[in-house]
Amino acid sequence: MNYRRIVPNSISGTSLILGILAIFKSFEGDFFWAPIFIILAVLADACDGRAARLLKCQGEFGVQLDSLCDLGSFGVAPAIMIYQYALTDLGLTGQIIAGLFTFAGAMRLARFNVNASTVHGYFQGMPIPAGACCLATYVLSGFNFGAVNVAVMTFIIAILLYSEVKFPDCKGKGNPLGPVAVLPLVIALIIGCYLLWQNPQGWPFVLMFIYTLAGVLNFFYRMVVK
């Protein structure tokens, strides 16, 4: 047994536990700690792969465990949180949209694992931790878009998870701005600055909004200029 694997696997497990805590807090109506636990899970998730590479103990078991933990923390927990926070007035419709977010996250993780050896320098579709962060930072932001608009936002993020939209890989595996042209980035920044002016305390959500919008605009920009 390679005992060094205990470290990265424990970090993956910590990420999942944080996601479960977010679910509990969502049911309790604590919409400060629920998104905070999801964000902490994202931070933990960013460390498990690095720990495995540092300790030279990468393996298929760790890859599969990481994906399962990601689905719990970034697929299930955010869906429950956003439903409890903003979609309950929509009833079954809100539940289905939240469920689609989880399903799209599962599809995204499966595709990532299958294509890991061929896709480099960018993310194919929005990374599931980023999708979770979009919802978590919205809950913390103080913005109030209304149930219908939040449902639309959640549905769009679900589509982006399993889309062909290229998002920057900020893990040091490529140029973080490589896939993104200047014009889409500038437009996203301008709109983001307007949102920030409307609500300065919502800056974490604004950052995620800029990241998301830049990726989407860049996708259509590349189609036009291709």
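The values are calculated or read from the model by the stated rules, or taken from the named source; none is laboratory data. Just so we're clear, the structure is a prediction, and the values are computed from it rather than from any experiment. We place every Cβ from the backbone using ideal geometry, glycine too, and count neighbours over all the protein chains shown. Only protein heavy atoms, including side chains, enter the accessible area calculation; ligands, DNA and RNA are left aside. Shrake-Rupley method; radii C 1.70, N 1.55, O 1.52, S 1.80 Å.
A compact table of results
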quantity	calculated
Calculated FRET efficiency for the pair F103/S10, C-beta based, R₀ 30 Å, to 0.05	0.60
Equivalent-ellipsoid semi-axes of the chain, from the Cα gyration tensor, Å, largest first	27, 24, 16
Gain upon complete extension [L43, L92; 0.36 nm per residue less C-alpha separation]	14.4 nm
The chain - accessible surface per residue (Å², probe 1.4 Å)	51 Å²
Quarter of Cα convex hull surface for region 82-127, i.e. mean projection, nm²	3.6 nm²
Descending semi-axes in whole angstrom, ellipsoid equivalent of region 123-173, from the Cα gyration tensor	23, 14, 6
Hypothetical label at F61: residues of region 10-35 whose amide nitrogen lies under 15 Å (7 Å Cα-Cβ projection)	10-13
Environment charge at V165 (Cβ cut-off 12 Å; Lys +1, Arg +1, Asp -1, Glu -1)	+2
Estimated inter-spin distance, V225 and N113, nm [label 7 Å along Cα→Cβ]	3.7 nm
Inter-label distance for V148 and E164, nm, one decimal - labels placed 7 Å from Cα along Cα-to-Cβ	3.2 nm
Contact order relative to length of the chain, as percent, for alpha carbon pairs under 8 angstrom and 6 or more apart	19 percent
Tail weight of P(r) past 18 Å, computed on alpha-carbon pairs of region 1-113, percent	52 percent
Gain in span if fully extended, L189 to F27, counting 0.36 nm per residue against the direct Cα distance	54.8 nm
Carbon + sulfur, % of accessible area of the chain - ligands and nucleic acids excluded, 1.4 Å	71 percent
Under 10 Å, Cβ to Cβ, from G125 - net charge with Lys/Arg +1 and Asp/Glu -1	+2
Candidate residues W33, W197: accessible-area rank, largest first, probe 1.4 Å	W197, W33
Size descriptor, Kirkwood hydrodynamic radius, that averages inverse alpha-carbon separations across region 58-134, Å	13.3 Å
